[in-house]
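The structure under discussion appears below in the form of C-alpha coordinates.
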Amino acid sequence: MTDDPYDAWTRRLLSLSPDLSRDSARQFVHDLYAHAQSDLDDQRAEADFEREE
(Lines give C-alpha, C1' and ligand atoms only; values in the text may rest on other atoms or scores of the structure.)
Protein backbone atom coordinates (compact mmCIF):
# COMPACT_ATOMS: atom_id res chain seq x y z
CA MET A 1 0.00 0.00 0.00
CA THR A 2 1.21 3.51 -0.76
CA ASP A 3 1.46 6.50 1.57
CA ASP A 4 0.14 8.82 -1.16
CA PRO A 5 -3.57 9.30 -0.47
CA TYR A 6 -4.13 10.50 -4.04
CA ASP A 7 -2.41 7.61 -5.79
CA ALA A 8 -5.45 5.36 -6.33
CA TRP A 9 -7.54 8.21 -7.76
CA THR A 10 -4.63 9.44 -9.86
CA ARG A 11 -4.24 5.98 -11.38
CA ARG A 12 -7.99 5.77 -12.00
CA LEU A 13 -8.01 9.16 -13.72
CA LEU A 14 -5.02 8.16 -15.86
CA SER A 15 -6.82 4.98 -16.91
CA LEU A 16 -9.73 7.11 -18.15
CA SER A 17 -7.54 9.71 -19.85
CA PRO A 18 -4.19 8.21 -20.91
CA ASP A 19 -3.13 11.44 -22.65
CA LEU A 20 -3.05 13.24 -19.31
CA SER A 21 0.33 13.48 -17.62
CA ARG A 22 0.72 11.84 -14.22
CA ASP A 23 1.60 15.18 -12.63
CA SER A 24 -1.48 16.86 -14.10
CA ALA A 25 -3.72 14.01 -12.99
CA ARG A 26 -2.29 14.08 -9.47
CA GLN A 27 -2.68 17.85 -9.24
CA PHE A 28 -6.31 17.57 -10.39
CA VAL A 29 -7.02 14.90 -7.78
CA HIS A 30 -5.30 17.00 -5.11
CA ASP A 31 -7.25 20.15 -6.05
CA LEU A 32 -10.55 18.26 -6.18
CA TYR A 33 -9.92 16.72 -2.75
CA ALA A 34 -8.90 20.09 -1.26
CA HIS A 35 -12.03 21.76 -2.64
CA ALA A 36 -14.30 18.96 -1.38
CA GLN A 37 -12.66 19.11 2.06
CA SER A 38 -13.14 22.87 2.18
CA ASP A 39 -16.83 22.47 1.31
CA LEU A 40 -17.24 19.90 4.09
CA ASP A 41 -15.49 22.19 6.56
CA ASP A 42 -17.85 25.02 5.59
CA GLN A 43 -20.88 22.76 6.04
CA ARG A 44 -19.67 21.63 9.47
CA ALA A 45 -19.02 25.20 10.56
CA GLU A 46 -22.49 26.26 9.42
CA ALA A 47 -24.10 23.31 11.22
CA ASP A 48 -22.15 24.11 14.40
CA PHE A 49 -23.20 27.76 14.20
CA GLU A 50 -26.86 26.81 13.75
CA ARG A 51 -26.71 24.41 16.72
CA GLU A 52 -25.28 27.14 18.94
CA GLU A 53 -28.05 29.62 18.10
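If you line up the long axis of helix 22-52 against the longest principal axis of the chain, both from Cα atoms, how many degrees apart are they, to the nearest 10?
10 degrees
Where does helix 7-16 land angle-wise versus the long Cα axis of the chain, in degrees 0 to 90, nearest 10?
60 degrees
Per residue, how much accessible surface does the chain expose to a 1.4 Å probe? Answer in Å², no decimals.
88 Å²
What do you get for Rg/Rh of the chain when both radii come from the Cα atoms and Rh is the Kirkwood radius?
With Rg and the Kirkwood Rh in hand, the quotient comes to 1.23.
In nm, to one decimal, how far is the modelled label at Ser17 from the one at Glu53, with both set 7 Å along Cα→Cβ?
With each label placed 7 Å out from Cα toward Cβ, I get 3.9 nm.
Considering only protein heavy atoms and a 1.4 Å probe, what is the carbon-and-sulfur percentage of the accessible area of the chain?
Here carbon and sulfur together make up 53 percent of the probe-accessible area.
What order do you get for 18-30, 39-51 when each peptide is scored by the mean count of other beta carbon atoms within 10 Å, highest first?
Values: 18-30: 13.3, 39-51: 9.5.
Going by the mean number of other Cβ atoms within 10 Å, highest first, we get 18-30, 39-51.
The values are calculated or read from the model by the stated rules, or taken from the named source; none is laboratory data. Owing to the predicted nature of the structure, the values given are computational and were not obtained by experimental measurement. Methodologically, a virtual Cβ is constructed for each residue, glycine included, from the backbone with ideal geometry; neighbour enumeration extends over all protein chains shown. Just so you know, the surface numbers come from the protein's heavy atoms only, side chains and all, with ligands and any DNA or RNA stripped out. Shrake-Rupley method; radii C 1.70, N 1.55, O 1.52, S 1.80 Å.
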